[in-house]
Amino acid sequence: MAASVILRLQRVIRLSHGDINVVAAGVSSRSGCCWVQSSCRCFSDAADDRRTHFGFETVPEAEKAKRVYKVFENVAQKYDIMNDAMSLGIHRLWKDALLHAMHPLPGARLLDVAGGTGDIAFRFMAYIRSQQERQKHRAARPMQTSPWQDISSSYSTEDEGGPQESRAVVCDINKEMLKVGKQKADSMGISPGLLWVVGDAEELPFDDAQFDIYTIAFGIRNVTHIEQALQEAQRVLKPGGRFMCLEFSKVTNPLLARLYDAYSFQMIPVLGEVIAGDWKSYQYLVESIRKFPDQEEFKHMIEDAGFCCVRYSSFTGGVVALHSGFKL
Amino acid sequence: MCVKQLHSSSSVFTYSCYDGLYPGHIATTPIQKALLAVGSGVAALQNPYRHDMVAVLGETTGHPALINLRDRMRNDPEGYTVLIERPKIRLSTLDLTKLASLPDGSFGREYLRFLEDNRVTPDSRVDVKFVDNEELAYVMQRYREVHDLLHTLLGMPTNMLGEVAVKWFEAAQTGLPMCVLAAMLGPVRLNASRLQTLFTSLGLWALQNGWRARCVLSIFYERRWEQSLADLREELNIEPPPLILSALNKRKI
């Protein structure tokens, strides 16, 4: 009980940090450094300009969304290559684990927010397809000794409830990322059943109670108002729907944490510069991981948005955590 | 101008004037510089048209050579003026109509002809990012800007053979490891006849002139457009090229 009270207090302090940042930036800009673009706005309306973090930088909230957009616009073409290089391919295992935990069945409707290049949606479609194959096999087994007429009549009834039932909607705020995802889908030939929609996680362009599963993989830490994104998730899910979030989290083991920090800050921006020609975007990405709440705190945020049975599991020593909750 | 990072127990405040010591500067640790040098070297070898990787390789390996260049500039009166006034060659600072009106054989007219024939622009230079000293960063930037002028001074087009010749000159002049590496590996991509040209006449000429010429960064080129090219070459102690290489020979190798 006491532990959760402390956590809630920590959250209250963190929320009020916005005001502290304003004061601190105001002091720094007055003490002689005249070229600070982000702090200059402090001179005008400190009360109105709520500030937030962009990596380790402090920026006005309105600016964060723009800057995040620019980051992903720049990295879109090399996003998948960079993911493989940075995680040495392990990100594929994390995403596979998400799908196994999800265990979607044919007929499920998925909304993948911040889905960008489509990794989760593609895996979803493949999983559904393999489930459908298994169902077909199971249905075909008792038919093996039946006469030919019975078998052929069962074929004609099959096609109605086909892959059209399961639908995956990939929603992302960034058009470049969606473009890359669409190209991938077209080249892999799995376009049917996939919808690509431009939208903001804080204000989704969908009606209430539309989806069975809502996923957001490595996207929620880039959202300016995480609580709003969680509430939107609550809104668009059907009752009984599941919220699943895969995100970088806190490494608990101190030795691993130091190795992870060293790797993140020394290696990843270098990889970003060499492969994608963009140091700053990847510097932002590793910093934004540090600014994201840890497993327990994020679990409380999800509970506050109205989800039940919230659980999390950590992968790779806490590098990544999978949070899951239900709308009841 | 400064970057300060204050770490408190629960959050990090960062306020920066511009990013680092000069606009575009990214502060890097020695480990990062080493990783960048290796990574950019590999990337540049795989794809020599990745100018940004060549640039990064130059910046991360060039510290001693840059110091040497800067000292040579300081010891030359005109070079010292360049270091103080910090001229930059940009399309916005060049008066193209004025250059076009200069007589043939003048440095400015020939430079404009080089830009037109080879379809290049002085604005395509990558900005310096990883040099941790503001003055040395300017020297590096100036070296990149002077590269095109060197093409004009040496009479070399921007095809592979011309670039290799200019790199041999630059390697001999500046000693920048990136230039030396490019000079050694560039010929690998030349066909047999061009290799022969390089090793029999062009290469030797480039090397010899690189060694004996005055420091090419020490010239205030922006004040010398009207000067005749032949005159400027003599002042810099550069012989005219032994061969006329046509820009029409330009094809991707």
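Bear in mind these aren't lab numbers, they're just calculated from the coordinates by the rules spelled out. Quick caveat, the model's predicted, so the values are computed rather than measured. Reconstructed Cβ throughout: ideal geometry from the backbone, glycine too, with neighbour counts over all protein chains shown.
Overview of results
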| read-out | value |
| --- | --- |
| Charge-dipole axis of the protein assembly as shown as Lys and Arg at +1 and Asp and Glu at -1 on Cβ define it, positive-most pick from B:202, A:72, B:101 | B:202 |
| Footprinting exposure proxy for A:279, B:211 (fewest neighbouring C-beta atoms within 10 Å first) | B:211, A:279 |
| Pairs of alpha carbons in chain B whose separation is greater than 35 Å (percent) | 17 |
| Bridge type composition, the protein assembly as shown - antiparallel percent by DSSP, nearest 5 | 55 |
| Peptide A:261-270 - average C-beta neighbours from other chains (10 Å radius) | 3 |
| Where only C-alpha atoms are counted, convex hull volume of the stretch A:170-328 per residue in Å³ | 125 |
| Kirkwood hydrodynamic radius (C-alpha pairs) into Stokes-Einstein, the protein assembly as shown, 4 °C and 1.567 mPa s, D in µm²/s | 46 |
| Whichever lysines have a C-alpha closer than 20 Å to that of residue B:167, once near sequence neighbours (fewer than 8 apart) are set aside | B:250, B:252 |
| Restraint check, A:136/A:179; A:175/A:291; A:136/A:327; B:98/B:129, Cα-Cα greater than 27 Å | A:136/A:179; A:136/A:327; B:98/B:129 |
| Three-way shape label, the stretch A:238-277, alpha-carbon gyration tensor, a/c 1.5 | oblate |
